[in-house]
There are 2 protein chains.
Amino acid sequence: MQAYWHEGPTEVSINALCARSGVSKPSLYRAFGGEDGLTRAALTAYSQQVLAEVLAILDAPDGFDAALEGLVHYASESPLSDPGCLFVKMRAARERFGPQTQDLIDALGEGAIAAYVAFLDAARARGEWAGRVPTDLAARYLAAQIEAALARRAAGVPPDEVRAVLSLALSVLTAPDR
Amino acid sequence: MQAYWHEGPTEVSINALCARSGVSKPSLYRAFGGEDGLTRAALTAYSQQVLAEVLAILDAPDGFDAALEGLVHYASESPLSDPGCLFVKMRAARERFGPQTQDLIDALGEGAIAAYVAFLDAARARGEWAGRVPTDLAARYLAAQIEAALARRAAGVPPDEVRAVLSLALSVLTAPDR
DNA sequence: TCACTTTCGTACCACTTGGTACGTAATCTG
DNA sequence: CAGATTACGTACCAAGTGGTACGAAAGTGA
């Protein structure tokens with residue numbers, strides 16, 4: 001019911017969306033109750049689809065380095081992030097959305113940080129990661145680098161370059177002396 | 001004559017800009033010839049003001065590490081980048097602008113890369129930087145990290161966190177084994 | 001079959017967007 | 001001071017924005 005919204009990320013208007021999807025405007029308003037509810041519902045659906053994949057990467061049984069490599073691959077080369085991550089785009093344009101959507105954006109951002117913290121804590125406990133960087137900073141660093149890579153990807157930077165830069169950035173966490 | 005444009009970064013309309021600055025719309029159109037010329041002129045003025053500062057940081061006589069430290073300070077704590085770097089914001093919304101402005105955005109981006117390459121080459125020649133990372137990749141990495149830091153700054157992330165993340169990212173270049 | 005409720009979409013609302021036609025006022029030239 | 005020219009701004013334009021009033025169609029009960 002909300003899949004057709006994904007075609008238009010942030011720049012599509014409600015008028016164009018209705019015309020393109022063949023749904024009348026009042027129907028859309030009855031279903032979502034305004035633009036804020038619509039954007040919130042779209043981001044909810046997207047996050048449920050995507051967060052699961054990221055969490056699956058983090059929970060991969062191949063160890064810390066393999067998980068990081070999976071993140072690099074996902075952010076830089078996955079076709080799913082070809083048109084750009086909806087969450088990243090919406091976070092960049094946070095001010096344009098209504099309060100409900102802004103709250104959801106913030107909550108998803110904090111949830112991502114929490115997931116990274118859990119991932120790093122688990123890796124440290126398993127002895128797969130002996131970094132000297134504090135876990136909290138490493139989590140925020142991870143989130144910032146992934147987000148930047150997805151943003152660069154959406155801006156049209158070639159996947160190879162995105163991968164090289166992201167890989168170099170994450171080497172801070174894997175280098176043996178850090 | 002264009003200073004009042006800086007108050008409104010990307011989200012301000014021409015109508016609001018004219019109303020706020022007391023300039024009639026036809027006058028503005030006669031001076032700049034449309035929105036594309038206006039945004040281009042604004043970005044030109046901004047770049048002349050800002051690029052000089054960045055180049056001065058890169059040319060600082062205190063050596064490679066000090067220059068990097070200067071970049072970190074500039075991107076994360078400088079009050080000039082408090083409302084966010086206009087170039088970064090406009091580059092993120094590149095598609096919204098006219099062809100002239102898009103060309104200028106691209107040219108400024110390539111110019112920044114070239115400046116970083118020159119900076120790294122000079123540091124390598126002086127023996128202040130012995131990194132194993134290829135110069136071209138290091139330059140793009142530098143540009144990506146600075147841009148990401150400025151974007152995070154504009155998004156409301158506290159300067160301390162921006163600084164910590166950026167400093168950690170740039171440690172890839174200063175670490176003795178890389 | 002009839003009355004009632006509920007869903008649905010046409011056609012509108014006020015408002016903002018970028019952009020301009022044209023009359024007026026100021027300035028320059030003689 | 002008169003005449004030509006230039007700069008200026010009111011008041012408009014079509015198109016698009018998010019949002020809704022209201023009549024018609026469809027379903028539901030007896």
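The values are calculated or read from the model by the stated rules, or taken from the named source; none is laboratory data. Model, not experiment: these values are computed from the prediction. Note: ideal-geometry Cβ built from the backbone for every residue, glycine included; neighbour counts use all protein chains shown. Each accessible area value is taken on the protein alone, full model and side chains, heavy atoms only, with ligands, DNA and RNA left out. Shrake-Rupley method; radii C 1.70, N 1.55, O 1.52, S 1.80 Å.
Residues that are within 11 Å of chain A (Cβ to nearest Cβ), out of contact with any Phe, Trp or Tyr (no Cβ under 7 Å at 6 or more places or on another chain) and not aliphatic (A, V, I, L, M) are absent from region B:113-121. Among all residues of region A:38-59, there is at least one that is closer than 24 Å to A:Arg140 by Cα and outside any helix (DSSP H, G or I).
Rundown of residues vs (1) surrounded by fewer than 17 Cβ atoms within 10 Å (Cβ to Cβ); (2) modelled with pLDDT under 95; (3) within 16 Å of the chain's Cα centre (by Cα), yes/no style:
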| site | (1), (2), (3) |
| --- | --- |
| A:Ser76 | no, yes, yes |
| A:Pro79 | yes, yes, yes |
| A:Cys85 | no, yes, yes |
| A:Arg94 | yes, yes, yes |
| A:Ala107 | yes, no, yes |
| A:Ile113 | yes, no, yes |
| A:Arg126 | yes, yes, no |
| A:Trp129 | no, yes, no |
| A:Pro134 | yes, no, no |
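Scan B:Arg163, B:Arg153 and give me the residue that is at pLDDT below 95, over 16 Å from B:Ile57 (Cα atoms), out of contact with any strand residue (DSSP E or B) (no Cβ under 7 Å at 6 or more places or on another chain) and part of a helix (DSSP H, G or I). Of the residues listed, the single one that is at pLDDT below 95, over 16 Å from B:Ile57 (Cα atoms), out of contact with any strand residue (DSSP E or B) (no Cβ under 7 Å at 6 or more places or on another chain) and part of a helix (DSSP H, G or I) is B:Arg153. On the stretch given as region B:124-138, residues that are more than 19 Å from A:Val165 (Cβ to Cβ) and in a helix (DSSP H, G or I) total 2.
Out of (1) in contact with a helix residue (DSSP H, G or I) (Cβ under 8 Å, 6 or more places away or on another chain); (2) open to solvent by less than 30 Å² (accessible area, probe 1.4 Å); (3) closer than 19 Å to A:Arg153 by Cβ, the odd one out for A:Ala42 is which? With respect to (1) in contact with a helix residue (DSSP H, G or I) (Cβ under 8 Å, 6 or more places away or on another chain); (2) open to solvent by less than 30 Å² (accessible area, probe 1.4 Å); (3) closer than 19 Å to A:Arg153 by Cβ, A:Ala42 is out only on (3).
Which of the residues spanning region A:60-72 are in a helix (DSSP H, G or I) and free of Cβ contacts under 8 Å to residues at least 40 places away in the same chain? Correct list: A:Ala66, A:Glu69, A:Gly70.
Just so you know, in region A:142-178 the residues that are at the interface with another protein chain (Cβ under 7 Å from one of its Cβ atoms) and buried (at least 23 other Cβ atoms within 10 Å of the Cβ) include one that is farthest from B:Ile113 (Cα to Cα), and it is A:Ala144. Of the residues making up region B:88-107, those that are within 14 Å of another protein chain (Cβ to nearest Cβ) and in a helix (DSSP H, G or I) are B:Val88, B:Lys89, B:Met90, B:Arg91, B:Ala92, B:Arg94, B:Glu95, B:Arg96, B:Gln102, B:Ile105, B:Asp106. For region B:124-141, the tally of residues that are polar (S, T, N, Q) and either at the interface with another protein chain (Cβ under 8 Å from one of its Cβ atoms) or under 19 Å from A:Ala144 (Cβ atoms) (or both) stands at 0. Before we move on, is A:Leu58 within 12 Å of the chain's Cα centre (by Cα), of a type outside the set (Lys, Arg) and farther than 26 Å from B:Pro159 by Cα? So A:Leu58 fails the test. Can you tell me which residues in region A:126-159 are acidic (Asp, Glu) and in contact (Cβ under 8 Å) with a residue 40 or more places away in the chain? Across region A:126-159, the qualifying residues are A:Glu128, A:Glu147.
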